[in-house]
Every structure is written in structure tokens, then in C-alpha cells.
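Presented below is the structure to which this report refers.
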């Protein structure tokens with residue numbers, strides 16, 4: 001009886017220890033037993049450096065989950081699929097994306113979730129359905145590394161130019177420039193520049209500045225007078241009359257243009273009539289010429305008869321009377 005009681009005590013102790021360890025692990029993981037989680041897949045077209053199973057997933061700097069799996073996309077070998085599991089309360093939207101962020105100087109990274117511009121939530125996973133995917137982006141450090149070739153190239157060009165500037169010929173030219181400057185400053189120091197001459201020079205500069213200021217004031221006064229002159233009633237009336245004259249001239253030009261257009265139309269119509277007459281009128285005239293010639297002959301005979309004996313032409317020829325025998 002005593003051994004059986006010891007076994008029961010040991011079994012109870014083991015169960016309590018296992019439950020305690022499970023509770024401790026759940027407490028350390030930062031989630032309750034009843035906490036709901038959601039799975040997503042972050043798709044990267046660039047290498048997700050520093051990401052492995054267990055890497056953190058954050059939102060606004062807060063840890064919301066972790067990476068559960070990394071693998072290549074079976075449909076596109078250039079893409080990397082990173083499976084994450086986050087708290088259900090994490091606001092993952094349609095345009096959300098996961099950007100890699102370096103974890104200090106350790107070489108490791110974590111995934112920072114950003115909401116994007118959309119306000120609509122992403123579709124949740126249905127029972128036995130496909131896990132929703134979101135876009136993955138590289139970190140700013142990766143972009144810097146990607147452009148390191150260009151940076152090194154530019155640095156080499158800059159160094160080459162520095163070497164060209166520091167060549168012996170350029171150095172000698174720089175020394176010559178310094179020597180010329182020393183010569184000029186020495187000549188100025190040896191020249192007879194007394195205080196009186198410097199003061200006279202400064203007075204001349206001041207007088208020139210005063211003259212320029214006076215001229216500017218004169219120009220300002222002239223501009224004001226011109227402005228007042230332009231605002232006078234006579235000028236306004238003259239400008240209005242000039243505007244009216246220009247308007248009248250413009251209307252006259254429009255009427256002249258219309259008249260010229262009408263003249264052009266009349267010329268076109270006259271040319272068309274002449275063309276039609278040339279085509280048909282001349283033919284009709286040539287056809288009528290024989291008839292006109294006969295009419296002219298008849299008129300000539302009438303004129304001759306009228307000249308020979310007008311009375312007979314009017315009254316008719318005298319008829320001869322034949323007497324019959326009785």
C-alpha cells in the first residue's frame with residue numbers, strides 16, 4: 001500500500017510540473033492560451049536578409065507575432081514566401097506590406113507591418129482556403145547596398161579628380177597664383193596711399209552714392225507724374241476715342257472684307273456665264289447665221305422696192321384690166 005501511494009504522489013507531482021512548465025512557456029511567449037492568431041504570407045521579390053523561423057513581426061514597433069516558415073515560391077523561383085503568424089487584432093489591410101528592418105548591428109532583421117493607403121481589411125483565410133498574401137519590401141539598408149556599385153563608382157571618379165587637381169602641374173600653378181597675389185599685395189603696401197587720399201576716395205564714393213539716390217528720386221517723381229497724367233480725364237477721353245476709332249476701323253475692314261468676298265463671288269458668276277455662253281451661245285449663233293442672212297436679203301429687196309416705187313409698194317401694183325369684146 002505504501003509503494004502505490006508513492007507512485008500516485010510522483011505522478012501527481014509530474015503532472016503539476018508539466019502544467020506549470022506549459023503555463024510558464026505560454027507566459028514567456030506573451031500570449032494567453034485563448035489568444036487568437038492569424039496566418040499571412042509575405043511575398044518578397046528581393047532576398048529577405050536576416051529573416052528566419054522565429055523572427056519577430058511588429059506593427060508600429062510592437063511585437064504582434066513571429067515568422068513560422070520561409071520557402072521559395074513554387075510558381076516563381078525568384079520570390080520568397082515568408083509565413084507569419086500574428087495576433088488577430090493586428091490591422092492588416094489590402095495594401096499592407098511587410099518591410100524588413102535591421103535588428104541593431106546583429107545582422108538579423110524583423111518584419112515591420114505597415115497599413116498602406118487602403119482602409120479595407122484584407123480577406124481572411126477560410127476553412128482549408130489559401131492563406132492571404134501581402135507585399136514584402138526590402139529595408140532601406142538593402143537599397144543602399146543595392147546602389148553601392150554606383151556609390152563606389154562615383155567615389156572613384158571623385159578621387160580621380162582630386163588626384164588630377166593635386167598633380168605636380170596643378171600644384172605649380174597654385175604656387176604661381178600665390179606668388180602673384182604676394183606680388184600684388186606687396187605693391188599695394190609699398191604704394192603711396194595716405195590717409196588723406198583714402199578719405200578723399202571714400203568721400204567721392206559717398207557723393208556718387210548720393211547722386212545715384214537723387215537720380216532715383218527724380219525718376220520716381222517722374223514716374224508718379226506720368227501716372228497722374230495717364231489717369232487724367234482728358235487722357236481717358238482721348239484713349240476712349242482712340243479705342244472707338246480703332247473699333248470703327250475694324251468694323252470697316254470687316255465690311256470691306258465682306259464686299260471683297262461678294263465681288264469675288266460676282267466675278268466667279270460672270271466667268272461662269274461667259275464660259276457657258278462660249279460653250280452654247282456661239283454654237284446657237286452659228287446655227288442662226290443662215291436664217292439671219294435670208295432675213296437680210298428679204299429686207300434688202302423690200303428696201304429696193306420701196307425706193308423704186310413707194311406708192312406701189314404701199315398700195316400694191318396696179319392690176320391690168322383686160323377688156324372683153326362686146
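No lab work stands behind these numbers, since they all come straight from the coordinates. Just so it is clear, the structure is predicted and the values come from calculations on it, not from any experiment. Methodologically, a virtual Cβ is constructed for each residue, glycine included, from the backbone with ideal geometry; neighbour enumeration extends over all protein chains shown.
In units of 2.2 N^0.38 Å, what is the alpha-carbon radius of gyration of segment 36-146?
The reported ratio for this selection is 1.01.
What nm distance separates the two modelled labels at residue 23 and residue 297, each placed 7 Å from Cα along Cα→Cβ?
15.3 nm
When the chain is fully extended, how far beyond the present Cα-Cα distance does residue 88 get from residue 247, taking 0.36 nm per residue of separation?
Residue separation times 0.36 nm, minus the Cα-Cα distance, leaves 49.4 nm.
Hull surface divided by four, with the convex hull built on the Cα atoms of segment 151-190: how many nm²?
3.4 nm²
Where the centre of each part is set by its Cα atoms, how far does segment 51-113 sit from segment 239-260, in angstrom?
79 Å
In nanometres, what is the gap between the two model label sites at residue 177 and residue 238, each 7 Å from Cα along Cα-to-Cβ?
A separation of 6.0 nm, rounded to one decimal place.
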